[in-house]
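Colleague: Got a structure for you, questions after.
The values are calculated or read from the model by the stated rules, or taken from the named source; none is laboratory data. As the structure is a computational prediction, the values presented were derived from the model and not from experiment. With ideal geometry, Cβ positions are generated from the backbone for all residues, glycine too; neighbour counts draw on all protein chains shown. Accessible surface areas use protein heavy atoms only, side chains included; no ligands, DNA or RNA. Shrake-Rupley method; radii C 1.70, N 1.55, O 1.52, S 1.80 Å.
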Amino acid sequence: MKILVIGSGGREHALVWKLAQSPHAEKIFCAPGNAGIAQERLAKNSSPVECVNISAEDLPKLLAFALEKKIGLTVVGPDNPLALGIVDLFQKNGLRIWGPNQKAAQFESSKVFSQNFMEKYGIPTARAGTFSDATAAKKFAGELNGKCAVKADGLALGKGVLICGNVSEAEKAIDEILISKSFGAAGAKIVIQEFLEGIEISLHAICDGKTAKLFPTSQDHKRALDGDKGLNTGGMGTYSPTPFVSDAELKKIGEAILNPWLRGCVEEKINFCGILYPGIMLTKTGAKVLEFNARFGDPETQVYLTRLENDLVELLDASVSGALDKMELRWKPEASVCVVMASGGYPGNYEKEKPIRGLDDAAKLPGVKVFHAGTAKKGNEIVTSGGRVLGVTALGKDLKSAQAAAYAAVKKIHFDGAHFRRDIAAKALP
Ligand code: AMP
Ligand code: GLY
């Protein structure tokens, strides 16, 4: 089968790497890909993965490419093409594609849609209100004493959530989104949620419209600096599994979220094929959904796919065909840790084109896989080309050894201004 993967980050490198191990994969293209993706080869025939210079948002060009190359399965990584309706477009043209259609992608592309859905179908979430009027929004924020999360409705490059500790911060946040329109049309409406305290974890479930199969737990580290300080980022590192939820608790949490979610999808005629990724807060009164994403997390994918034993082509194919009920997910018992190495200054301004050294030495370490995100080839060198540059990932017999292996690999890699957190998975260790 010929496969096209869409996207260019660490998530897409992990997807390509895992798909390339499948005997079903005869050729893999990635649009637009990165320097690490271009180094992968297929297990079946050693053919190199080919990066194609088409942006993940250029739907007409992606469609023309997939038709011309007779792609058997397209796999969508990022949220934007999903929200733009790439799945609907490809299906209309007779192509098999994995990911939620535009209606189903609303779970991520509209926080108002998700919040209303959760309330309608009894999915555990924060107390919340949805508003387009600033006066009504401020009244609700006042009822919460200003301790709340103010969220722009639409996609805002991960920056649309403002956490407030008092009434004046909340009013400022409401004005910023609804009046000053700092997120443009994405902020025409907002969701205000009560501030929830607890441990935050990531859940993933693969879905085919009728069945949802839960992955093990993972935890991201969203702040830029050690000790969860500094600015919010796309994610500075992950590990799986987390010790905060036992298998029995995970089963209960999964059922409390996924059973009403599936019921709601049937009721609303939403055919969700892809990954549902709920962000969860483990509060004193139980697990609550903060938000839904409609795709694989980045860098959650890096730790999940290093642990997954199933053939990923078979799994995604079952998700597209509605045959997930016949699949059993199998996971390595080992733990996985991913440490993101970022450009100095990220998530603010940063310089690019810094040569990266030591990649080969790092790759030689046992259990280590270095996933590329913002990298490019310049002459014979691999250089930085984005904020998050690498996801240095390692498997170990337990979290402690996986963490030690990941940091041993990080130590081998150098580029000017490299920045990474030194405490990935530390919370989970005694
Ligand atoms: P979201 O994109 O909705 O997940 O929000 C981004 C981040 O803001 C989350 O990862 C949480 O750390 C934080 N957050 C969102 N909603 C809440 C909430 N209701 N209470 C506390 N923190 C929140
Ligand atoms: N790990 C955060 C995200 O993918 O949204």
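Colleague: Taking the Cα centre of each part, how many Å lie between the range 97-138 and the range 38-87?
Modeller: 29
Colleague: Oh, and also: Of all the stretches in the chain, which is the longest one without any exposed loop site, taking GluC sites (Glu not before Pro) in a DSSP loop (any state but H, G, I, E, B) with at most 16 other Cβ atoms within 10 Å?
Modeller: Values: sites that count: 26, 57, 197, 268, 309, 328, 351, 353.
Free of exposed loop sites, the longest segment is 58-196.
Colleague: In terms of modelled amide H atoms, which long-range or inter-chain residues lie less than 5 Å from the amide H of residue 382?
Modeller: Hits under the 5 Å cutoff: 356.
Colleague: Hey, what did the chain get for relative contact order, percent, Cα under 8 Å, at least 6 apart? Each step should come with its number before you reach the end.
Modeller: Numbers: 1029 pairs, mean separation 67.9, N = 430.
Averaging sequence separation for qualifying contacts and normalising by length gives 16 percent for the chain.
Colleague: Spelling out what I want: for every residue of the range 222-239, take phi, set θ = phi - 60°, compute 6.51 cos²θ - 1.76 cosθ + 1.60 (Karplus), and round to whole Hz; glycine and proline get x.
Modeller: In residue order, the calculated couplings are 7, 7, 6, 10, 3, x, 6, 9, x, 6, 5, 10, x, x, 9, x, 9, 8 Hz.
Colleague: In terms of solvent-accessible area of protein heavy atoms at a 1.4 angstrom probe, what is the ranking of 220, 398, 247, highest value first? Numbers along the way, then the final one.
Modeller: On the way: 220 20, 398 65, 247 135 Å².
Order by accessible area, largest first: 247, 398, 220.
Colleague: Might you report the magnitude of the Cβ-based charge dipole of the chain about its Cα centre, with Lys and Arg at +1 and Asp and Glu at -1, to the nearest 20 debye? Show your work: numbers first, answer last.
Modeller: Numbers: 54 positive and 48 negative charges, 89 e Å.
The dipole of the chain has a size of about 420 debye.
Colleague: Which listed residue (145, 211, 4) has the Cα farthest towards the positive end of the charge dipole for the chain, taking +1 on Lys and Arg C-beta and -1 on Asp and Glu C-beta about the Cα centre?
Modeller: Of the options given, the answer is 4.
Colleague: Okay, next question. Can you list which of the trypsin sites (Lys or Arg not before Pro) found in the range 177-285 are DSSP loop residues with at most 11 other C-beta atoms within 10 Å?
Modeller: Filter output for the range 177-285: 269, 284.
Colleague: For a quick check: with amide H placed at 1.01 Å from N, whose amide H comes under 5 Å from residue 268's, ignoring anything fewer than 5 positions away on the same chain?
Modeller: Residues meeting the criterion, in which the H sits 1.01 Å from N, do not exist here.
Colleague: Below 8 Å, C-alpha to C-alpha, sequence gap of six or more: please give me the relative contact order for the range 110-185 in percent.
Modeller: Values: 82 pairs, mean separation 21.5, N = 76.
So the answer I get is 28 percent.
Colleague: With a 10 Å cut-off between alpha carbons and a GNM built on the chain, which of 411, 151, 18 moves the most?
Modeller: Its mean-square fluctuation being the largest, the pick is 411.
Colleague: Post the alpha-carbon centroid distance, the range 207-286 to the range 374-430, in whole angstrom.
Modeller: A separation of 24 Å, based on Cα centres.
Colleague: Could you derive backbone 3J(HN,Hα) for the range 73-85 from the dihedral phi with the Karplus parameters 6.51, -1.76 and 1.60 (θ = phi - 60°), listing whole Hz in sequence and x where the residue is Gly or Pro?
Modeller: Once θ is set to phi - 60°, the couplings for the range 73-85 become 8, 9, 10, 9, x, x, 6, 4, x, 5, 5, 7, x Hz.
Colleague: Of 14, 198, 42, which is farthest along the charge dipole of the chain in the positive direction, counting Lys and Arg as +1 and Asp and Glu as -1 at C-beta?
Modeller: Among 14, 198, 42, the one farthest towards the positive end of the dipole of the chain is 42.
Colleague: Additional query: For the range 63-189, state what percent of all Cα-Cα pairs lands in each successive 5 Å bin, counting from 0 Å until the bin that includes the largest distance.
Modeller: Histogramming the range 63-189 at 5 Å steps yields 2, 11, 17, 18, 15, 11, 9, 7, 5, 3, 2, 0 percent.
Colleague: With the Cα gyration tensor of the range 164-203 giving a ≥ b ≥ c as the square roots of its eigenvalues, does the rule (a/c under 1.5 for rounded; else a/b larger than b/c for prolate; else oblate) give rounded, prolate or oblate? Could you put the intermediate results ahead of the total?
Modeller: Details: a/c = 3.25, a/b = 1.52, b/c = 2.14.
Note, shape of the range 164-203 comes out oblate.
Colleague: Only Cα pairs under 8 Å and at least 6 apart count here; give the relative contact order of the range 1-107 as a rounded whole percent. Walk me through the intermediate numbers first.
Modeller: Numbers: 215 pairs, mean separation 27.1, N = 107.
Value for the range 1-107: 25 percent.
Colleague: Quick one: which residues, 5 or more positions from residue 97 or on another chain, have an amide H under 5 Å from its amide H? H modelled 1.01 Å from N in the peptide plane, none for Pro or chain starts.
Modeller: 74
Colleague: Across the range 147-152, in residue order, what do the Karplus-derived ³J(HN,Hα) couplings come to in whole Hz, using 6.51 cos²θ - 1.76 cosθ + 1.60 with θ = phi - 60° and x for Gly and Pro?
Modeller: 7, 7, 10, 9, 10, 5
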